[in-house]
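Shown next, in structure tokens, is the structure this report addresses.
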Amino acid sequence: MTTATREQVATALFALLLTSGNYVTSSRRLQTIDQVGPLDKPALFMVEHKEQHAKGKNITPAIRTMDVDVFIFISVGQDPNVVPMTALNNLIDAIDPVSGGVLAPGPNGQQTLGGLVTNCYIDGDVVKVPGDFDGNGVAVVPIKVLFM
């Protein structure tokens, strides 16, 4: 059995996430919200933070778990007639498998990124700051990827 490389997994996940919205700016290299101008939003950034390895008695190779954070920046809060949380919720729903987003599982009940990984899913607290006061909103979506 051939195992996927970290870069293959990261590239596939990023490509899938980009299909979730009409992002003006996107990168696997994080910028601060102030570095991304209003005309460059919505923006999506994907950052890998940590990785765990677990090797069971009869499991070869070890199961790797990659923790990824997806940052979504919006600037619609600068318009007093728009509810910024609506924009953030819609972009999060476009990722969330429960809402029919791009991380929806395949026929086997898991999101495998085209067979590269065992599973890929949102795991943990989704942080949401709508930007009601300064116009700049952000969401951070934690994603866990399991692969060998």
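No lab work stands behind these numbers, since they all come straight from the coordinates. Since this is a predicted model, take the numbers as computed values, not measurements. Ideal geometry is used to build each Cβ from the backbone, glycine not excepted, and the neighbour counts take in all protein chains shown.
Answer yes or no: is there a residue in the stretch 88-102 that is touching a Gly at 6+ places or on another chain (Cβ under 7 Å) and of a type in the set (Val, Ile, Thr). Among the residues of the stretch 88-102, at least one is touching a Gly at 6+ places or on another chain (Cβ under 7 Å) and of a type in the set (Val, Ile, Thr), which makes the answer yes. Does Asp67 satisfy the condition of being buried (at least 19 other Cβ atoms within 10 Å of the Cβ), of a type in the set (Asp, Glu), within 23 Å of Asp125 (Cα to Cα) and out of contact with any helix residue (DSSP H, G or I) (no Cβ under 8 Å at 6 or more places or on another chain)? Criteria not met by Asp67.
Pairing residues of the stretch 7-22 that are in contact (Cβ under 8 Å) with a residue 40 or more places away in the chain with residues that are aromatic (Phe, Trp, Tyr), at Cβ distances under 7 Å and at least 6 apart in sequence or on separate chains, gives Val9/Phe147. Within the stretch 44-51, is there a residue that is outside any strand (DSSP E or B) and surrounded by 11 or more Cβ atoms within 10 Å (Cβ to Cβ)? For the stretch 44-51, residues outside any strand (DSSP E or B) and surrounded by 11 or more Cβ atoms within 10 Å (Cβ to Cβ): absent. Just one residue in the set Val129, Val102, Val140 is surrounded by 15 or more Cβ atoms within 10 Å (Cβ to Cβ) and in contact with a helix residue (DSSP H, G or I) (Cβ under 6 Å, 6 or more places away or on another chain); that residue is Val102. Number of residues in the stretch 108-129 that are of a type in the set (Gly, Ala, Ser) and under 16 Å from Ile143 (Cα atoms): the value is 1.
The set of residues in the stretch 118-139 being in contact (Cβ under 8 Å) with a residue 40 or more places away in the chain, assigned to a loop (DSSP other than H, G, I, E, B) and small (Gly, Ala, Ser) consists of Gly131, Gly135. When the stretch 29-43 is limited to residues that are charged (D, E, K, R) and surrounded by 14 or more Cβ atoms within 10 Å (Cβ to Cβ), the one that is farthest from Ile143 (Cα to Cα) turns out to be Asp40. Of everything in the stretch 71-84 that is out of contact with any Lys or Arg (no Cβ under 7 Å at 6 or more places or on another chain) and outside any loop (DSSP other than H, G, I, E, B), the residue that is surrounded by the most Cβ atoms within 10 Å (Cβ to Cβ) is Ile72.
Taking the stretch 111-148 as the range and being of a type in the set (S, T, N, Q) and closer than 29 Å to Gly77 by Cα as the test, only Asn136 passes.
As a summary of the residue check, Gln111 satisfies the conditions (1) within 28 Å of Ala4 (Cα to Cα); (2) out of contact with any strand residue (DSSP E or B) (no Cβ under 6 Å at 6 or more places or on another chain); (3) not acidic (Asp, Glu) except for the one numbered (2).
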